[in-house]
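Q: I have a structure here, written as structure tokens, and I will follow up with some questions on it.
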Amino acid sequence: MSPKAVQYRANSIIYFKGDTSDRVYLLNSGKVSLNYIDIESGQEVHDLIKMGEFFGVKSGLGRYPREETAVVLQDSGVMAFTPAEFEQLAAKNTRIITKMLKVFSNQLRRIHRQVQTLLVSDAQENPETGLYKIGEYYLKNKRYGQALHAYKRYLVYYPSGSYAGDVTNKIVQAEEFVSRYGAGGPAAAASRPVPARRPEEPQEAPSGAPSGVPSGVPSGAPSGVPSGAPSEAALQEKTAELSDTAQAYYNAVSLVSQEKYLDAFKAFKKILEAGADQEYGAKAEFEMAKCLFHLKQYDNCVRSFSSIVQKYPKHPDMREALFFVARSYEEKGEGAKAGGLFKKIVTMAGEDDPIVRRARKALKAMEGGKA
Amino acid sequence: MSPAPDLSMFNRFMVTFRKGDIIFCEYEPGDTFYLIQSGRVQIVRIIGDIEKNIDILYPGEVFGEMAILEEAPRSATTIALDEVKALEFNRENFEVLMMGNPAIAMKLLKLFIKRIYDQKRRFMILTLGDMEARVADVFLMLAENQSIDTSAVDSIDFKTTVDDMAHWAGVPTAQTREALNHFVAQRRIELHPDRIVVKNINDFARFVNSRRKHQEK
């Protein structure tokens, strides 16, 4: 199995637009032009192939009709590859694929943009509103874990966005529900694109589901929405019921997301000192230590986290605590200590998580710094 | 291609998602893409009040690949249907991946080829000024995607909905429904809740071609 060398006379055609063939070509000598109509301008374009360049790759590998006519301008020598032969060659010369990926990614970017400009009717959602609506959808459909994720991402990107206040409140709701009822329905199976909505439940929004979309789930579905999930009305009630402590806590979290660390620190401190709720007290203490890091009070940060870790040896956010301690050491110029901790974080992870990734990144950066 | 390339050298890029976890949200800026090692990933879009299933991906498949092109917002939400283990890549470690594993590079190359083709096809639909022609052209595109030889068959049963058609045609749903109803009245299609039967696909091909030619003049 080896590619075939083919000679073409000037003015001959290697392939016509619309032909289907799985051959990929490499120009060895001579001159070949690819002629096609640009889909945007409608103009005829002549692309000259340089020696050593491949052509017919997309249509050959993808087995799509040729999009251009390959015209031989001067007597030329080309190599014709089958997809298998091309793959064999590329496996040994990864650079070929890397180069092609760059070319194709540029093409993809261009065509993607062209499509977007034509999609006027497909109401272009602005990303901020779009992200917010995803959270809204999952909250409404009682998939609290997913709602929480979307809302939290929102706050990451738009800490002072127009929905930030609302999102902060909704995070409180969603966390409450997650702790009470679990994360809610897991990812819906393909056959069940829309999670359950109970018929007796007051429906806040009009159900705009077209007839073709199943809007219910068999009551016996094992992984559906937990039966104890609150109704829409109860949801409103629960918000009102939410403890002042929780509300205060999330207001403080919102300050963190706005990078107002000093204000956040003070707000968390108030919660801790009030001592009204142990759970939120512990959470607040943890967040205070993080604020100290952002306030560049590295010694205090290390001290706070050490005390937290001593108090709660099985703290669920142990890795994050260690990470901030390590980062503090790093900022203080104690690279050896920091490195040791980063390594520890990386090894203690049963499963990968963002902290481990950040620790790895930090380690890598430190190693890079030494070189 | 070997079915299971040895990827142990990439273990440091391994990430795990719990069942039900959102991997990324539509509209989020993205700079990472994933190669599934185990578990299934569901791709959804929330359109109005409906979560629409776009696709379900299995081990060996890549998603989020548009991220290495530009930091455009994600175009869909991805959810772990099982516990999912995936290799996570970004623009920085992308080259390492490509150099270290030509099989993955080839897979990505083919994926790009398909994406370019799909986008071009979509572009062709959107350039049609006549809304009914657009809807008809979506049927032709769906037939091409299923590798149906339209010269050999007439009637085709498409597992598609009005919303799907509207999405591809870039036409508001109400207008798409109108166009489809018109086709029903002309006995060119049968409209069912979960499928649409096109009675004579070649008739649509002629219709679309004539509109396209007419437009070029």
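The values are calculated or read from the model by the stated rules, or taken from the named source; none is laboratory data. Everything quoted here is computed from the prediction, not taken from an experiment. All Cβ positions, glycine included, derive from the backbone under ideal geometry; neighbour counts span all protein chains shown.
Table: residues versus (1) within 22 Å of residue A:246 (Cα to Cα); (2) among the acidic types (Asp, Glu); (3) within 13 Å of another protein chain (Cβ to nearest Cβ); (4) in contact (Cβ under 8 Å) with a residue 12 or more places away in the chain.
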| site | (1), (2), (3), (4) |
| --- | --- |
| A:126 | no, no, yes, no |
| A:130 | no, no, yes, no |
| A:154 | yes, no, yes, yes |
| A:159 | yes, no, no, yes |
| A:174 | yes, no, yes, yes |
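Q: Which members of region A:257-274 meet the condition of being at pLDDT below 80 and in contact with a helix residue (DSSP H, G or I) (Cβ under 7 Å, 6 or more places away or on another chain)?
A: The one that is at pLDDT below 80 and in contact with a helix residue (DSSP H, G or I) (Cβ under 7 Å, 6 or more places away or on another chain): A:257.
Q: Show me the helices (runs of 4 or more DSSP H) entirely contained within region A:275-371 in which 1 or more residues are more than 26 Å from the chain's Cα centre (by Cα) and β-branched (Val, Ile, Thr).
A: Counting at least 1 such residues, we get A:298-311, A:318-331.
Conditions tested, residue by residue: (1) surrounded by fewer than 16 Cβ atoms within 10 Å (Cβ to Cβ); (2) assigned to a helix (DSSP H, G or I); (3) of a type in the set (Gly, Ala, Ser); (4) assigned by TED's automatic domain parsing to the domain that holds residue A:158.
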site	(1), (2), (3), (4)
A:39	yes, no, no, no
A:47	yes, no, no, no
A:59	no, yes, yes, no
A:70	no, no, yes, no
A:79	no, no, no, no
A:100	no, yes, no, no
A:115	no, yes, no, no
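Q: Does region A:63-116 hold any residues that are basic (Lys, Arg) and free of Cβ contacts under 8 Å to residues at least 24 places away in the same chain, and which are they? Can you show your working first?
A: Taking region A:63-116 and keeping what is basic (Lys, Arg), we get A:63, A:66, A:92, A:95, A:99, A:102, A:109-110, A:113.
Selection gives A:92, A:95, A:99, A:102, A:109, A:110, A:113.
Q: Turning to a different aspect of this structure: Select from region A:59-75 the residues that are of a type in the set (Gly, Ala, Ser) and over 17 Å from residue A:46 (Cα atoms) and list them in ascending order.
A: Once the filter is applied, which keeps residues that are of a type in the set (Gly, Ala, Ser) and over 17 Å from residue A:46 (Cα atoms), region A:59-75 yields A:59, A:60, A:62.
Q: In region A:275-291, which residues are at pLDDT 85 or above and either assigned by TED's automatic domain parsing to the domain that holds residue A:330 or under 17 Å from residue A:251 (Cβ atoms) (or both)?
A: Listed by number, the residues that qualify are A:284, A:285, A:286, A:287, A:288, A:290, A:291.
Q: Can you list the helices (runs of 4 or more DSSP H) lying wholly within region B:48-160 that have 3 or more residues being free of Cβ contacts under 8 Å to residues at least 40 places away in the same chain and outside the structural domain of residue B:170 (by TED's automatic domain parsing)?
A: Fully inside region B:48-160 and qualifying: B:91-100, B:102-126.
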